[in-house]
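Data block below; observations after.
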Amino acid sequence: QVRLVESGGGLVQAGGSLRLSCVASRSIFTINAMGWYRQAPGKQRELVAVFTSGSSTNYGESVEGRFTISRDNAKNTVYLHMNNLQPADTAVYYCYAKIEYDHWGQGTQVTVSS
(Lines give C-alpha, C1' and ligand atoms only; values in the text may rest on other atoms or scores of the structure.)
Protein backbone atom coordinates (compact mmCIF):
# COMPACT_ATOMS: atom_id res chain seq x y z
CA GLN A 1 0.00 0.00 0.00
CA VAL A 2 1.04 3.65 -0.04
CA ARG A 3 0.89 6.82 2.03
CA LEU A 4 0.40 10.07 0.13
CA VAL A 5 1.39 13.51 1.45
CA GLU A 6 0.36 16.68 -0.36
CA SER A 7 1.89 20.13 -0.05
CA GLY A 8 1.93 23.44 -1.87
CA GLY A 9 -1.57 24.74 -1.30
CA GLY A 10 -2.28 28.27 -0.18
CA LEU A 11 -3.97 31.56 -0.95
CA VAL A 12 -3.46 33.14 -4.35
CA GLN A 13 -5.10 35.92 -6.34
CA ALA A 14 -7.07 35.21 -9.49
CA GLY A 15 -4.73 34.77 -12.44
CA GLY A 16 -1.94 33.45 -10.23
CA SER A 17 -0.17 30.11 -10.15
CA LEU A 18 0.60 27.37 -7.66
CA ARG A 19 2.38 24.04 -7.78
CA LEU A 20 1.13 21.16 -5.67
CA SER A 21 3.31 18.19 -4.76
CA CYS A 22 2.32 14.68 -3.71
CA VAL A 23 5.05 12.51 -2.24
CA ALA A 24 4.38 8.78 -2.03
CA SER A 25 5.83 6.46 0.61
CA ARG A 26 6.90 3.94 -2.04
CA SER A 27 7.97 3.85 -5.65
CA ILE A 28 5.37 5.27 -8.02
CA PHE A 29 6.98 3.72 -11.08
CA THR A 30 4.53 0.84 -11.19
CA ILE A 31 1.43 2.70 -10.01
CA ASN A 32 -0.87 2.76 -13.00
CA ALA A 33 -3.30 5.44 -11.83
CA MET A 34 -2.13 8.42 -9.81
CA GLY A 35 -3.05 12.05 -9.76
CA TRP A 36 -5.29 14.74 -8.33
CA TYR A 37 -8.92 15.28 -7.41
CA ARG A 38 -10.54 18.24 -5.69
CA GLN A 39 -13.58 18.93 -3.57
CA ALA A 40 -15.18 22.32 -3.07
CA PRO A 41 -17.60 23.00 -0.17
CA GLY A 42 -20.99 21.47 -0.88
CA LYS A 43 -19.80 19.74 -4.05
CA GLN A 44 -18.75 16.24 -4.99
CA ARG A 45 -15.12 15.30 -5.39
CA GLU A 46 -14.10 15.74 -9.03
CA LEU A 47 -11.25 14.76 -11.28
CA VAL A 48 -8.53 17.34 -11.81
CA ALA A 49 -5.76 15.37 -13.52
CA VAL A 50 -4.47 11.80 -13.39
CA PHE A 51 -1.89 9.60 -14.99
CA THR A 52 -3.33 6.35 -16.28
CA SER A 53 -1.59 3.34 -17.84
CA GLY A 54 1.89 4.81 -17.62
CA SER A 55 2.23 8.24 -19.20
CA SER A 56 -1.31 8.78 -20.44
CA THR A 57 -3.12 11.69 -18.78
CA ASN A 58 -6.74 12.66 -18.21
CA TYR A 59 -7.79 16.18 -17.26
CA GLY A 60 -11.02 17.54 -15.89
CA GLU A 61 -12.81 19.68 -18.42
CA SER A 62 -12.68 22.81 -16.28
CA VAL A 63 -8.88 22.75 -15.87
CA GLU A 64 -7.71 21.55 -19.28
CA GLY A 65 -5.27 24.02 -20.79
CA ARG A 66 -4.54 25.68 -17.43
CA PHE A 67 -3.30 22.80 -15.25
CA THR A 68 -0.53 20.32 -16.01
CA ILE A 69 0.28 17.09 -14.20
CA SER A 70 3.83 15.80 -14.11
CA ARG A 71 5.78 13.15 -12.23
CA ASP A 72 9.30 12.50 -11.00
CA ASN A 73 9.64 8.77 -10.46
CA ALA A 74 13.06 9.18 -8.82
CA LYS A 75 11.46 11.35 -6.12
CA ASN A 76 8.24 9.32 -5.85
CA THR A 77 6.42 12.59 -6.51
CA VAL A 78 3.55 13.76 -8.66
CA TYR A 79 3.06 17.48 -9.28
CA LEU A 80 0.12 19.63 -10.30
CA HIS A 81 1.09 22.88 -11.98
CA MET A 82 -1.84 25.27 -11.83
CA ASN A 83 -1.87 28.44 -13.93
CA ASN A 84 -4.46 31.20 -14.39
CA LEU A 85 -6.21 30.17 -11.20
CA GLN A 86 -9.78 31.34 -10.76
CA PRO A 87 -12.06 31.58 -7.71
CA ALA A 88 -13.92 28.50 -9.00
CA ASP A 89 -10.70 26.52 -8.46
CA THR A 90 -11.00 27.03 -4.70
CA ALA A 91 -11.14 23.58 -3.13
CA VAL A 92 -9.29 20.98 -1.12
CA TYR A 93 -6.99 19.14 -3.51
CA TYR A 94 -6.39 15.45 -2.85
CA CYS A 95 -3.66 13.21 -4.16
CA TYR A 96 -4.93 9.84 -5.40
CA ALA A 97 -3.33 6.51 -6.21
CA LYS A 98 -4.86 3.19 -7.10
CA ILE A 99 -3.02 0.12 -5.84
CA GLU A 100 -5.51 -2.71 -5.52
CA TYR A 101 -7.85 -0.09 -4.07
CA ASP A 102 -8.08 3.70 -3.88
CA HIS A 103 -5.62 5.60 -1.68
CA TRP A 104 -6.03 9.27 -0.75
CA GLY A 105 -3.85 11.90 0.85
CA GLN A 106 -5.07 14.22 3.59
CA GLY A 107 -5.64 17.09 1.16
CA THR A 108 -4.24 20.58 0.76
CA GLN A 109 -6.37 23.73 0.63
CA VAL A 110 -6.21 26.02 -2.40
CA THR A 111 -8.02 29.34 -2.09
CA VAL A 112 -8.23 31.76 -5.01
CA SER A 113 -9.37 35.30 -4.27
CA SER A 114 -11.01 37.53 -6.84
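The values are calculated or read from the model by the stated rules, or taken from the named source; none is laboratory data. Nothing here was measured: the structure is a model prediction, and the numbers come from that model. Virtual Cβ from ideal backbone geometry, glycine too; neighbours counted across all protein chains shown. Each accessible area value is taken on the protein alone, full model and side chains, heavy atoms only, with ligands, DNA and RNA left out. Shrake-Rupley method; radii C 1.70, N 1.55, O 1.52, S 1.80 Å.
Counting other Cβ atoms within 10 Å, keep those with at most 15, restrict to DSSP loop, and tell me which GluC sites (Glu not before Pro) in the stretch 1-91 are left.
Taking the stretch 1-91 and a limit of 15 other Cβ atoms within 10 Å, the loop GluC sites (Glu not before Pro) found are GLU61.
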- Query: When only C-alpha pairs under 8 Å and at least 6 residues apart count, what is the relative contact order of the stretch 37-101, in percent?
  - Reply: 32 percent
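Carbon and sulfur atoms: what percent of the 1.4 Å accessible area of the stretch 45-114 do they account for?
45 percent
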- Message: Quick check: net charge around SER27, other residues with Cβ under 14 Å of its Cβ, Lys/Arg +1 and Asp/Glu -1?
- Response: +3
- Item | Pair THR30, SER53: separation of 7 Å Cα→Cβ label points (nm) | 2.0 nm
- So how strong a dipole does the chain carry about its Cα centre when Lys and Arg Cβ are +1 and Asp and Glu Cβ are -1, to the nearest 20 debye? 200 debye
- Query: Could you give me the ³J(HN,Hα) list for the stretch 31-44, computed from phi with Karplus coefficients 6.51, -1.76, 1.60 and θ = phi - 60°, whole Hz, x at Gly and Pro?
  - Reply: 7, 6, 10, 7, x, 9, 10, 9, 9, 8, x, x, 10, 6
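For the chain, what is the accessible area per residue in Å², given a 1.4 Å probe and the full set of protein chains?
Result: 52 Å² of accessible area for each residue.
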- Item | Charge dipole (the stretch 13-113, unit charges on Cβ, about Cα centre) - positive-most of ILE99, ALA74, GLY42 | ALA74
- Message: Stokes-Einstein diffusion coefficient for the stretch 1-43 at 25 °C in a medium of 0.890 mPa s, Rh from the Kirkwood formula over Cα pairs: what value in µm²/s?
- Response: 191 µm²/s
